[in-house]
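What follows is a set of notes on a single structure, which appears directly below.
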Amino acid sequence: MTKNKKEQLFNPSFAEHGYIQVYTGDGKGKTTASLGLAVRALGRGWKILIVMFTKGGNDYGELNTFTNLSSEWKDRITIYQAGLERIVYKKNLKNADFEESQKGWEVAKNAINSGEYQLIIMDEANIAIDLGLIDLNDVINTLKNKPENVEVVLTGRRAKKEIIEIAHLVSEIKAVKHYWDKGISAREGIEF
């Protein structure tokens with residue numbers, strides 16, 4: 001390892017820098033990975049915002065967990081749902097989907113620019129971008145100009161190559177085998 005790389009590893013400013021992370025692919029676990037990151041950051045006292053694109057309603061285990069945190073922890077995490085109570089596909093898009101996603105993007109964009117949060121998770125943002133619910137160029141411009149100390153995570157299938165290019169960490173989760181293929185439906189506590 002070169003001296004420069006060693007200095008980066010132990011340089012506090014390198015460690016405190018906020019990066020852009022992307023979890024994409026057709027496999028299960030993108031949201032789960034980002035929420036695990038949220039739990040880890042929460043345990044370190046970080047302030048966190050989670051914007052859930054294309055997800056509405058309250059039938060998510062993670063919402064139950066986060067709303068039942070102690071007041072000390074609850075004050076450090078904000079969740080904003082930017083979706084209706086249904087799964088969104090190209091074939092069933094409505095104006096309300098666009099409106100909800102736009103509201104969610106404004107919340108995320110304002111939070112990124114404010115520097116108030118150390119971690120911002122934009123769950124299913126890749127899907128919202130792919131469906132044209134939020135503008136790719138606006139997202140890229142915001143991410144390129146974010147404050148240095150803000151970590152931003154985007155999850156969802158079909159991450160655009162432009163997002164992948166500016167990201168510092170990209171994990172593609174590949175589906176190898178899934179019990180859904182045998183007709184087992186989403187299970188409470190595991191998938192939601």
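Key figures
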{"read-out": "Inter-residue pairs, beta-carbon under 8 Å, first hydroxyl-bearing (Ser, Thr, Tyr) and in segment 155-168, second part of a loop (DSSP other than H, G, I, E, B), 6+ apart", "value": "THR155/GLU124"}
{"read-out": "Pair list, Cβ under 7 Å, 6 or more apart: segment 91-111 residue closer than 10 Å to ILE134 by Cα, other residue modelled with pLDDT of 95 or more and assigned to a helix (DSSP H, G or I)", "value": "SER101/ALA128"}
{"read-out": "Count of segment 107-135 residues which are farther than 16 Å from THR24 by Cα and out of contact with any strand residue (DSSP E or B) (no Cβ under 9 Å at 6 or more places or on another chain)", "value": "7"}
{"read-out": "Residue satisfying all of: in segment 32-64; under 15 Å from VAL152 (Cβ atoms) and of a type in the set (Val, Ile, Thr); farthest from the chain's Cα centre (by Cα) among these", "value": "ILE48"}
{"read-out": "Among residues of segment 83-141, those that are within 10 Å of THR54 (Cα to Cα) and of a type in the set (Lys, Arg), counted", "value": "1"}
{"read-out": "Some residue of segment 117-129 being exposed (fewer than 13 other Cβ atoms within 10 Å of the Cβ) and at negative phi", "value": "no"}
{"read-out": "Segment 104-116, subset under 16 Å from GLN81 (Cα atoms) and among the hydrophobic types (A, V, I, L, M, F, W, C), residue surrounded by the most Cβ atoms within 10 Å (Cβ to Cβ)", "value": "ALA108"}
{"read-out": "Search result, residues across segment 117-139 that are under 9 Å from the mean Cα position of the chain (by Cα) and more than 17 Å from ILE87 (Cα to Cα)", "value": "ILE120, ILE121"}
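The values are calculated or read from the model by the stated rules, or taken from the named source; none is laboratory data. Note that the structure is a prediction, hence the values are computed from the model and not measured. All Cβ positions, even for glycine, are placed from backbone atoms using ideal geometry, and neighbour counts span all protein chains on display.
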